[in-house]
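Everything below concerns the one structure shown next.
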Amino acid sequence: MTYTQTNGGTTAEMQSLDAGHIAELLNQMMERMDRLEQHLAKVNALADEAPALVAMATDTIDGLYRDAAKAGVDIDERLKIGLHALERLTDPATLRALAGLSEQLVVLNDLAKQAPGFAAMTVDMIDELYAAIKRQGVDLEDTARQGLLALRNLVALMESEEMKALMNSGVLDPKTLHVMGAAAHALVSAQREPRRAGPMSLLGALFNRDVQRSLGFALSFAERFGQKLPG
């Protein structure tokens, strides 16, 4: 009897626990269904508003197109150009070229970082060279001033009327320089081999072809020079 009563009490407790558990599960399901209905309501509300939102977005885009057209901007053309540029940029050859360029930019960046050091080293070398020249007794600043002064005087001389007259006189003509060179050579040779000449030597020299040519040149020069002399 005790076992039967105990068993019966245990069965009643299990039935009570099962009913409570089922009720709790039902409550949880009802809460979830309520939340789901709320979400569905929001989705329905968005779905109801979607046509208006799409229309508003369309109107906004149309307005942007109209404003761009008034400003002289062709959006369609720019989109086409942008797509073409994007296609070119993503081309493997272009990407390889960009990769190579990036490597070169890295090298240039490294050189740019080292440039101050190179500049400082160059300045130090120039300072050392300047000091060494100064120790030799050469004043570079004074030499530079003298050089500039000489250059200025040379420019002034080249622009002077005297230089223009000299350039137009024929003194610097190649043929004139050739004759002057021949005369200078003859003077030097005659000085190196001086000779005594008497009346008979002068008479005999008249039959020398070279002397005859020189005398002919002297007579021709005397005639033309006399023509240029003022009367």
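The values are calculated or read from the model by the stated rules, or taken from the named source; none is laboratory data. This structure is a prediction, so every number in the text was calculated from the model and none was measured. All Cβ positions, glycine included, derive from the backbone under ideal geometry; neighbour counts span all protein chains shown. To get the accessible areas, we keep the full protein, side chains included, count just its heavy atoms, and leave off ligands, DNA and RNA. Shrake-Rupley method; radii C 1.70, N 1.55, O 1.52, S 1.80 Å.
Among the residues of the range 148-199, count how many are on the phi > 0 side of the Ramachandran plot and surrounded by 10 or more Cβ atoms within 10 Å (Cβ to Cβ).
0
Here is a yes/no grid of residues against (1) open to solvent by less than 80 Å² (accessible area, probe 1.4 Å); (2) not hydrophobic (A, V, I, L, M, F, W, C):
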{"residue": "Ala52", "(1), (2)": "yes, no"}
{"residue": "Thr58", "(1), (2)": "yes, yes"}
{"residue": "Gly82", "(1), (2)": "yes, yes"}
{"residue": "Leu89", "(1), (2)": "no, no"}
{"residue": "Arg96", "(1), (2)": "no, yes"}
{"residue": "Ala112", "(1), (2)": "yes, no"}
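Against the condition open to solvent by 90 Å² or more (accessible area, probe 1.4 Å) and at pLDDT 80 or above, how does Leu26 come out, does it pass?
So Leu26 does not fit the description; no.
Yes or no, residue by residue, for (1) modelled with pLDDT under 80; (2) not small (Gly, Ala, Ser):
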residue: Gln114; (1), (2): no, yes
residue: Val123; (1), (2): no, yes
residue: Ala132; (1), (2): no, no
residue: Leu157; (1), (2): no, yes
residue: Val171; (1), (2): yes, yes
residue: Thr176; (1), (2): yes, yes
residue: Ala182; (1), (2): no, no
